[in-house]
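S.K.: Quick one: structure below, then a few questions.
The values are calculated or read from the model by the stated rules, or taken from the named source; none is laboratory data. Computed from a predicted model, the values in this text were never measured in an experiment. Every residue, glycine among them, receives a Cβ derived from its backbone with ideal geometry; neighbour counts consider all protein chains shown. These area figures cover heavy atoms from the full protein model, side chains too; ligands, DNA and RNA do not enter into them. Shrake-Rupley method; radii C 1.70, N 1.55, O 1.52, S 1.80 Å.
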Amino acid sequence: QLLEPAARGGFQKTLAVMNFKEPLNLTFEGRSSEGTPFSWEGVGTLHLGPSSMRNAWVDSVTADFQLKEGAFSFQNILTKIGETKAEGSCIYDIKNQEVRFPGVHANLDPVPILMWIDPHIAESLLAYRFHQPPVTDVSGVLGLKDPQKNNFKIQLRAPQGLDYTLLKKNLTFQQVEGNVLIKKQDLLVDIPHASLFGGSAAINATVSIVPGDGRYEALVTLDG
């Protein structure tokens, strides 16, 4: 954050929405044949203590990484929020302006993590209020500047359920399992089974994540 006054462009905007309780600890050893930003290659480690991005707090993040051709490949990622955590790998590709997730397994609320990457997607998930953090498996691609690149999948299991407000009425769903897919600028929700009012509900919905677009389509099947 001490660098913010001297930063420019996107780097300055990023620092402006971050808050560090402890200094970032970063090691890096590398080389560059041409001196240009995308010619750097090397390896390093990262340790981040209590920090927030857009007021979404994490307790810690640790990872090993490799830098090559303008992309940071993070391995052995461990992110902790309270008693919950996420583990896996991801590729932060600066050259192509995208984040790729070969695989992340987590038992934490996906909203704070997505707030670090894309606030529009995170805000579209705020309506789903989990009673306890769900178990999730994450894979796919998110475009940092071009939403047409989005092809991101969250498989989730929430046995403790979630609350969702429909027509100003709070609905409590239990034993929720399904998938959330971010495809370009649509949020696709596929919940083949959830318990509601002692019966069962299946939900298939498409929600626009374009700012200012309230489009919402849903097919709901109720039994009992």
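S.K.: Taking the Cα-to-Cβ direction at Lys95 and at Glu123 and moving 7 Å from each Cα, how far apart do the two end points lie in nm?
M.R.: 3.3
S.K.: Evaluated at 4 °C with a viscosity of 1.567 mPa s, what Stokes-Einstein diffusion coefficient in µm²/s does region 161-204 have when Rh comes from the Kirkwood expression over alpha-carbon pairs?
M.R.: 115
S.K.: Sticking with this one: Return a whole-number percent for the relative contact order of the chain, with Cα pairs under 8 Å and 6 or more residues apart as the contact set.
M.R.: This gives 10 percent for the chain.
S.K.: Per residue, how much accessible surface does the chain expose to a 1.4 Å probe? Answer in Å², no decimals.
M.R.: I get 58 Å² per residue for the chain.
S.K.: Moving on to the next point. Using the Karplus curve 6.51 cos²θ - 1.76 cosθ + 1.60 with θ = phi - 60°, work out ³J(HN,Hα) for each residue of region 175-182 in order, rounded to whole Hz, and write x for Gly and Pro.
M.R.: Rounded to whole hertz, the list is 6, 8, 9, x, 10, 10, 10, 9.
S.K.: With every protein chain left in place and a probe of 1.4 Å, what is the accessible surface of Leu24, to the nearest 10 Å²?
M.R.: For Leu24, the solvent-accessible surface is approximately 90 Å².
S.K.: Shape call for region 1-114 from the C-alpha gyration tensor, a ≥ b ≥ c root eigenvalues: rounded (a/c under 1.5), prolate (a/b greater than b/c) or oblate?
M.R.: Oblate.
S.K.: Treat every Asp and Glu Cβ in region 5-161 as -1 and every Lys and Arg Cβ as +1, leave all other atoms uncharged, and give the resulting dipole magnitude about the Cα centre to the nearest 20 debye.
M.R.: My answer is approximately 300 debye.
S.K.: In addition: Can you tally the lysine pairs in the chain where the Cα-Cα distance is under 23 Å and the two residues are eight or more apart, or on different chains?
M.R.: 23
S.K.: Separation of region 165-224 and region 1-77 by C-alpha centroid, Å?
M.R.: Value for the Cα centre distance between the two parts: 36 Å.
S.K.: Starting from the amide H of Ile209, placed 1.01 Å from N in the peptide plane, find each other amide H under 5 Å away whose residue is 5 or more places distant or on another chain.
M.R.: Asp186, Leu187
S.K.: Okay, next question. When the accessible area of the chain is split by element with a 1.4 Å probe, what percent falls to carbon and sulfur?
M.R.: Carbon and sulfur: 54 percent of the exposed surface of the chain.
S.K.: Just check region 137-215 against the gyration tensor rule for me: Cα atoms, a ≥ b ≥ c as the square roots of the eigenvalues, rounded for a/c under 1.5, and otherwise prolate or oblate depending on whether a/b exceeds b/c.
M.R.: Verdict is oblate for region 137-215.
S.K.: May I ask you to work out the translational diffusion coefficient for region 76-224 at 37 °C, viscosity 0.692 mPa s, via Stokes-Einstein with Rh from the Kirkwood sum over Cα pairs, reported in whole µm²/s?
M.R.: Answer from the Stokes-Einstein relation: 206 µm²/s.
S.K.: Moving on to the next point. Where nothing but the Cβ of Lys and Arg (+1) and of Asp and Glu (-1) is charged, how large is the charge dipole of region 124-224 around its Cα centre, in debye to the nearest 20?
M.R.: The calculated dipole for region 124-224 is roughly 260 debye.
S.K.: If a/c stays under 1.5 just call it rounded; otherwise compare a/b with b/c (prolate if a/b is bigger, oblate if not). Do that for region 1-52, with a ≥ b ≥ c from the square roots of the Cα gyration tensor eigenvalues.
M.R.: oblate
S.K.: Let me ask you something else. When the helices in the chain are scored as -39500 (n - 2.57) per DSSP H run of 4 or longer and the sum is shared across all residues, what 222 nm value do you end up with, to the nearest 500 deg cm²/dmol?
M.R.: -2500 deg cm²/dmol
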